[in-house]
Amino acid sequence: QVKLVESGGGLVQPGESLRLSCAASGSIRGYAMGWYPQAPGKQREWVGTIPSPYVGTVFYEDPVKGRCTISRDDAKHEVHLYMNNLKPEDTAVYYCNKVTARAWAWGQGTQDTVPS
């Protein structure tokens, strides 16, 4: 069972940017990886998926298109989410996981707070 550890969250002002990281305890090669924010009082959602192998296309949810970039480093077992022009509605705990019907155990997530 691969363990996931997210990091990089914090308190950022509207309009600023943030880079979140996800470190896996094992190989992520061959797995499409996604980022999933969970806003206060809401269910975990999906914002984007980076396929494997990565051949240049990343899939994003419409509200974050143009503001998010997902990257991966299979050699380091890492996935990253870069977000710019942050908005208060981006406030959430952000999780990463493989994009399959049977996800790995969820990590603790990393909190991103954008005050209004």
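The values are calculated or read from the model by the stated rules, or taken from the named source; none is laboratory data. Here the structure is a predicted model, which means the values were calculated and not measured. Note that each Cβ is placed from the backbone with ideal geometry, even for glycine, and that neighbours are counted across all protein chains shown. Ligands, DNA and RNA are excluded from the accessible area calculation, which covers all protein heavy atoms including side chains. Shrake-Rupley method; radii C 1.70, N 1.55, O 1.52, S 1.80 Å.
Using DSSP to call loops (not H, G, I, E or B), can you name the trypsin sites (Lys or Arg not before Pro) in the stretch 50-116 whose Cβ has at most 13 other Cβ atoms within 10 angstrom?
Lys65, Arg102
Any idea how far apart Asn85 and Ala39 come out in nm if each label point goes 7 Å out from Cα toward Cβ?
Here the answer is 1.8 nm between the modelled labels.
Once you put a point 7 Å from the Cα of Arg19 and another 7 Å from the Cα of Ala103, both along the Cβ direction, what distance in nm separates them?
2.5 nm
Taking Rh as the Kirkwood radius computed over C-alpha pairs, what is the Stokes-Einstein D of the chain at 10 °C in a medium of viscosity 1.306 mPa s, expressed in µm² per second?
Taking Rh from Cα pairs, D becomes 113 µm²/s.
For the stretch 1-67, take the alpha-carbon Rg, divide it by the Kirkwood Rh, and send me Rg/Rh.
Reported Rg/Rh, Kirkwood definition of Rh: 0.97.
With a 1.4 Å probe and every protein chain kept in, tell me what percent of the accessible surface of the chain is carbon plus sulfur.
Carbon and sulfur together cover 51 percent of it.
Any chance you could run the full-extension gain for Ser116 through Val58? It's 0.36 nm times the residue separation minus the Cα-Cα distance, nm to one decimal.
18.0 nm
Classify the stretch 35-83: rounded, prolate or oblate, from the alpha-carbon gyration tensor (a ≥ b ≥ c, eigenvalue square roots; a/c under 1.5 rounded; otherwise prolate if a/b is larger than b/c)?
The shape class here is prolate.
Quick check for you: with a 1.4 Å probe and neighbouring chains kept, what is the accessible area per residue of the stretch 10-72, in Å²?
55 Å²
Mind ordering 37-44, 21-28 by average Cβ neighbours within 10 Å, highest first?
Packing order, densest peptide first, comes out as 21-28, 37-44.
Nothing charged except the Cβ atoms of Lys and Arg (+1) and of Asp and Glu (-1): what's the magnitude of the dipole of the chain about its Cα centre? Round to the nearest 20 debye.
Value, rounded to 20: 300 debye.
Straight-line reach only, C-alpha to C-alpha below 16 angstrom: list the aspartates and glutamates that Lys87 could link to, leaving out same-chain residues fewer than 8 apart.
Within the straight-line cut-off, Lys87 pairs with Glu16, Glu61, Asp62, Asp112.
Can you find, among Gly30, Val64, Ser17, the residue farthest towards the positive end of the dipole of the stretch 1-99? Put +1 on the C-beta of Lys and Arg, -1 on that of Asp and Glu.
Toward the positive end, the furthest listed residue is Gly30.
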